[in-house]
Amino acid sequence: MDELALTEQQRSELVTAIQQNGITDLIKPLVKEIFLFDTFIAGTSYVDKNLIDALNADDKLILRREGDNKFDDKAVLVLNKDQKKVGYIPEKDNAVFSRLMDAGKLLTAKVKKIDKKGDFSKIEISIFLTDF
């Protein structure tokens, strides 16, 4: 008998756990966030100021490739939890991140610090590779 095969009771317990808690709770213990780099969000002056003002330290951010960007073919969007654009990874920093994402790797970010200077906000972020 295969050592990795589940017994009928184990299968039943697994199905019950998924139905009660969802698969996310089962996967969380297997997920590792690997710190890669600190940078800032570029282009914040061109997005809705309310989106920027709503960000706080430790907020999680979504990173997504933007393949049709006519200014930068390695563009990486930075989105808030509601998937609204708050800016980009700076072009000087995005070459490695875009390659990782193009290879199917999941990258995320977290707000590290926000410095408000008049109407401008410098938002420092940390970038992480999510690994299973």
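For region 47-102, applying the loop criterion from DSSP together with a ceiling of 12 other beta carbons within 10 Å to the trypsin sites (Lys or Arg not before Pro) yields 70, 81.
Using +1 on the beta carbon of Lys and Arg, -1 on that of Asp and Glu, and nothing else charged, what's the dipole of region 31-131 about the Cα centre, debye to 20?
Numbers: 19 positive and 18 negative charges, 18 e Å.
Once rounded to the nearest 20, the dipole reads 80 debye.
Taking only the C-alpha atoms, wrap a convex hull around region 31-131 and report its volume per residue in Å³ as a whole number.
Details: hull volume 9.9 nm³, N = 101.
Hull volume over Cα atoms, normalised by residue count, gives 98 Å³.
Excluding same-chain neighbours fewer than eight residues apart, the aspartates and glutamates reachable from residue 113 by a Cα-Cα span under 14 Å are 38, 53, 58, 59, 124.
Between the DSSP loop rule and a limit of at most 12 other Cβ atoms within 10 Å, which chymotrypsin sites (Phe, Trp or Tyr not before Pro) in region 59-110 are left?
Values: sites: 71, 88, 97; in loops: 71.
For chymotrypsin sites (Phe, Trp or Tyr not before Pro) across region 59-110 that sit outside H, G, I, E and B with at most 12 neighbouring Cβ atoms in 10 Å, the list reads 71.
Values quoted throughout were computed directly from the atomic coordinates according to the rules given, and no laboratory measurement underlies them. Predicted, not measured: the structure shown is a model, and the values here were computed from it. Cβ sites come from the backbone with ideal geometry, for glycine too, and all protein chains shown count toward neighbours.
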